[in-house]
1. Accessible area of the chain with a 1.4 Å probe: how many percent of it is carbon plus sulfur?
2. Using only the Cα atoms of the stretch 124-207, each taken as one equal point scatterer with no solvent, compute I(q) by the Debye sum, divide by I(0), and report log10 of the ratio at q = 0.11, 0.23 Å⁻¹.
3. Once every DSSP H run of n ≥ 4 in the chain is given -39500 (n - 2.57) and the sum is divided by its residues, what mean residue ellipticity at 222 nm do you get, rounded to the nearest 500 deg cm²/dmol?
4. Expressed as a rounded percentage, what relative contact order does the stretch 1-149 have, with Cα pairs under 8 Å and six or more residues apart?
5. Normalise the Cα radius of gyration of the stretch 3-103 by 2.2 N^0.38 Å (N = residues in it) and let me know the number.
6. What full-extension length gain, to one decimal in nm, is calculated for residue 200 and residue 132 as 0.36 nm per residue of separation minus the Cα-Cα distance?
7. Using the Kirkwood formula on the Cα atoms of the chain, what hydrodynamic radius do you get, in angstrom to one decimal?
8. Less than 28 Å apart at the alpha-carbon level, and either on another chain or at least 8 residues along: which lysines does that give for residue 13?
Amino acid sequence: MPAIKNKTNFSPKGQQLLDLYNQMADSGYMTSSGRKIEAAYNDFELVKFKQAVSEQFDKYEIKSVLDYGCGGSDWENQQIFNGQSAKKYFDLDHTYRYEPARDIDERTTADAVVCFDVMEHIFVSDVPNVLRDILSCASTLAVINVACYRAAALLPNGENAHITQRPPHWWKGMVDAVSIEFPHVSVFLLCSTAYDNADAFPVFCDAVRQADPCFEIGY
């Protein structure tokens with residue numbers, strides 16, 4: 001499939017922020033405790049939720065994945081998924097990555113888009129457009145995890161790296177509002193209230209809501 005390029009139009013402040021993340025990718029970053037971290041974006045964030053994600057991939061018969069804001073995630077070579085690659089662990093045929101801070105852009109339409117530890121790094125005015133970009137790349141499923149707490153990492157300007165800190169239901173409302181434009185994409189939203197604790201909302205899509213015989217729909 002041809003890659004989908006330059007779909008996200010960042011605001012001027014969003015572009016300035018992206019420049020700061022580029023600096024962090026190149027030079028590392030400081031933490032709030034004064035420690036210097038040399039290797040930025042070096043974790044496979046999805047591993048914490050591999051069982052929940054695997055269940056959704058099985059349910060929706062996912063065979064291709066776009067990792068949106070992948071950081072350092074390597075689906076081909078990472079050996080932390082029960083001693084095998086993430087691609088093999090999830091039984092995938094194709095994997096693609098998008099990480100603007102590292103000039104990686106393999107955006108294309110995939111069965112599922114996964115986005116872990118990304119949205120809290122987006123300037124708040126750009127959140128709706130980034131969500132649209134995510135959902136436009138998903139043919140079936142989007143799995144979105146958002147951190148709702150302060151990060152240990154600091155931006156080069158000294159601000160906290162989790163610049164958009166909002167409670168879980170703020171994110172649920174934002175995703176609900178945008179996902180209506182993509183009625184056939186099911187969304188699995190996980191909001192982390194701490195590094196090792198997350199609230200998972202029921203999977204939803206607007207096509208299911210439209211087919212629901214009730215008017216009062218709470219999911």
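1. 49
2. After summing over all Cα pairs, the log10 values are -0.32, -1.12.
3. -8000 deg cm²/dmol
4. Over the stretch 1-149, the number comes to 27 percent.
5. Details: Rg = 15.8 Å, N = 101, 2.2 N^0.38 = 12.7 Å.
Normalised Rg, Cα atoms only: 1.24.
6. Values: separation 68, 0.36 × 68 = 24.48 nm, distance 2.07 nm.
Taking residue 200 through residue 132 to full extension adds about 22.4 nm, to one decimal.
7. Numbers: mean 1/r = 0.0561 Å⁻¹.
Computed over the chain, the radius equals 17.8 Å.
8. Answer for residue 13, where 28 Å is the Cα cut-off: 5, 36, 172, listed by chain and number.
The values are calculated or read from the model by the stated rules, or taken from the named source; none is laboratory data. Treat the numbers as computed from the prediction; the structure is a model and nothing was measured. Ideal geometry is used to build each Cβ from the backbone, glycine not excepted, and the neighbour counts take in all protein chains shown. Remember, those area values only see protein heavy atoms, side chains included, never the ligands or the DNA or RNA. Shrake-Rupley method; radii C 1.70, N 1.55, O 1.52, S 1.80 Å.
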